[in-house]
Amino acid sequence: MKTLKNLYVFLLLLTFLTVAPATLFAAGKVNINTATVAELTQLSGVGEKTAEAIIAYRAEHKFKSVSELVNVKGIGDKTLAKFKDQVTVDNKN
């Protein structure tokens, strides 16, 4: 009986450890006012050049909304639609 209980606890812990990290990362959004090139390139349709263009744009114009990304060279409405739900604008900094 104790072995069965230990097996149950082990399987529950294993399930949590495999599912929880994916859920946590999926829930987090990329702040386009602070993201690195590496973080930005994780977005669908954003390569290194576009990530660098986002960073260059924000150096001169801090983003006030996600929709402003269409002002960045290489990002149009279709590209923005691919990752719009994965990004946010946090202006606390």
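The values are calculated or read from the model by the stated rules, or taken from the named source; none is laboratory data. These numbers were taken from a predicted model, which means no experiment stands behind them. When we count neighbours, we look across all protein chains shown, and the Cβ atoms used for this are built from the backbone with ideal geometry, even at glycine. Please note that ligands, DNA and RNA were not included when accessible areas were found on the heavy atoms of the full protein model with its side chains. Shrake-Rupley method; radii C 1.70, N 1.55, O 1.52, S 1.80 Å.
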- [ ] Out of the residues in segment 54-67 that are over 17 Å from the mean Cα position of the chain (by Cα) and free of Cβ contacts under 8 Å to residues at least 24 places away in the same chain, state the one that is surrounded by the fewest Cβ atoms within 10 Å (Cβ to Cβ).
- [x] Glu60
Open item on the list: Condition check: of a type in the set (Lys, Arg), part of a helix (DSSP H, G or I) and modelled with pLDDT under 95. Does Lys5 satisfy that?
Closed with: yes
TODO: Among the residues of segment 68-93, write down those that are within 16 Å of the chain's Cα centre (by Cα), of a type outside the set (Gly, Ala, Ser) and in a helix (DSSP H, G or I).
DONE: Leu69, Thr79, Leu80, Lys82, Phe83, Lys84, Asp85, Gln86
Task: Residues of segment 18-41 classified as part of a loop (DSSP other than H, G, I, E, B) and either open to solvent by less than 80 Å² (accessible area, probe 1.4 Å) or modelled with pLDDT of 95 or more (or both), total - done: 7
